[in-house]
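Report on the following structure.
The values are calculated or read from the model by the stated rules, or taken from the named source; none is laboratory data. Because the structure is a prediction, the values reported are computed rather than measured. We place every Cβ from the backbone using ideal geometry, glycine too, and count neighbours over all the protein chains shown. We work out accessible area using only protein heavy atoms, side chains counted, and drop any ligands, DNA or RNA first. Shrake-Rupley method; radii C 1.70, N 1.55, O 1.52, S 1.80 Å.
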Amino acid sequence: MLRAKRGHLVSHLRPSINMASGPHNKGWLSIRTNTSNQSHWSNDDGTPLTDEIILFIFTSFLEIADLVRCAATCKRWRHLVSGHANFICRTSQQLCFINKFIPSLIVGFFHKHDATMLNFIPMASASRRFPFLHKPSLSLAMNIDNELLNSSHIVASRNGLLVIEVQRGKHSRTLKLCVCNPMSGEVHVLPALRGKDGLGHYACTVLTTVDYQNMNRNNNSQPPLSSHYHLIIVYSRLHFTAFRSYSSKDGIWRPEGKVTGAQLGKNQIRLMRNGVIAYGGQVAYWITIDLVFGLHLNTLDATMIRLPWSRGNTFIDTKNILLGTTPKGRLCAIQFSKNWSLSMHGKWEPTNEIHVITYDNNGSTNNNMLQMSNSLWKTKINIQIDQALKVDALAMEVKLQWFCEKSGVVFFTISYYGKPRSEVYALNLGTRMIEKVASNTSCNDLWNNFYGYEMDHASYLTTLT
């Protein structure tokens, strides 16, 4: 039975956490493990194995859930896991291949109420792990080309990384982006795209180490560094849809490519949101209006299909759907709908539901995965939310805001008709429990530019100290 859990209530807004503009500045991980002082833990577990042998076992045979259990065993193993988190995540052959969500990865969400203020609201669990998140006001000291981050906005959030666009003029086609990791404090300012390389509306997302490990699991290629990433963007040229990528390893933008198979209009790209990576890092997906745009990253072949609809339901708002991936790396859609059913008293009553609909292509990883059909969308989970919240379904409006694909947490907001009140909730798909994260009594449209944030695996292992 679905249960509602009361969490940390945030009655006021907090400015964003401080992230300084350098690759080695302190981030949200306030305590670092000093691996050079671990020798006095060598016999704590009563095992004669050396640290090197234990780390080999950790990286060769264990999934992340096993590593968490190992870290809880003794001091020595805990410090080996947390102190060598980056090495483990880089070399592990099993770390990404888990069949369940990891709720502990969730940290909170960013949102921008106006043109000058970027806010972060933490989850209750994150506030306990990182006590400084309780501070009522945290200054922002990150400057990018002499422009404050608060004058910019987030354009993507995935696997522990934020992609931020530095504010540009209304008619400027110069694009300046930075990629940062709030947990580690790393900030990378990308070369600006200007002149003939400049562009207007675009959609982007980011591939991280997790995706690279999935792509390399069947070959012997060298795993990338844990902080290595690719930023990919799609945008419109005069007669075609264009693609471009940035590699943190090379530090350059790759040449522009031409997308084939499907073409996007400028208005479709302007409305694109919620970019995700699926099927072992081979395909990127975005929602635009009532369509899903899929792009094969190896061939730049693309296709578009209609968003899924629940069986027999005619009350679905196509703007109230999110894309995500399952723990096995398959594409899924998170969908809200209002259903009407006949009660025991003979009255038609509404129920607010959240559906998780998975696209089942039998695990195909070739170009045929883009030949998608609506018949392959299959509903896996149906969750009623008004019963758990004990709220009249007719008195509230629900809006899905963000799906954190690694932790399995869905953020949604509720506003109440006729009342200047709105609330943010987090639904854990693994436990089906709902936690109240934040509330506001000033207006209903407060939660603009909403971006959920969850830490990467290496940061998570580092927190196990």
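Tabulated data for the structure shown
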| read-out | value |
| --- | --- |
| Accessible area of region 51-97 belonging to carbon and sulfur atoms, whole % at 1.4 Å probe | 59 percent |
| Within region 51-97: Cβ-based charge dipole about Cα centre, in debye rounded to nearest 20 (Lys, Arg +1; Asp, Glu -1) | 180 debye |
| Positive-end extreme of charge dipole, region 51-97 - chosen from 53, 81, 92 (charges on Cβ) | 81 |
| Radius of gyration and maximum dimension Dmax of region 51-97, Cα, Å | 9.3, 26 |
| Where Rh is the Kirkwood radius over Cα pairs, Rg/Rh for region 228-329 | 1.00 |
| Geometric extent, Cα atoms of region 416-465 - Rg, Dmax (angstrom) | 15.3, 48 |
| Cut-off under 5 Å, modelled amide H: who pairs with residue 28 long-range | 183, 184, 185 |
| Average accessible surface area per residue within region 51-97, 1.4 Å rolling probe, Å² | 44 Å² |
| Among the listed pairs 176/258; 112/436; 328/436; 176/319, those beyond 26 Å (Cα-Cα) | 328/436; 176/319 |
| For residue 53, solvent-accessible area (1.4 Å; no DNA, RNA or ligand), Å² | 80 Å² |
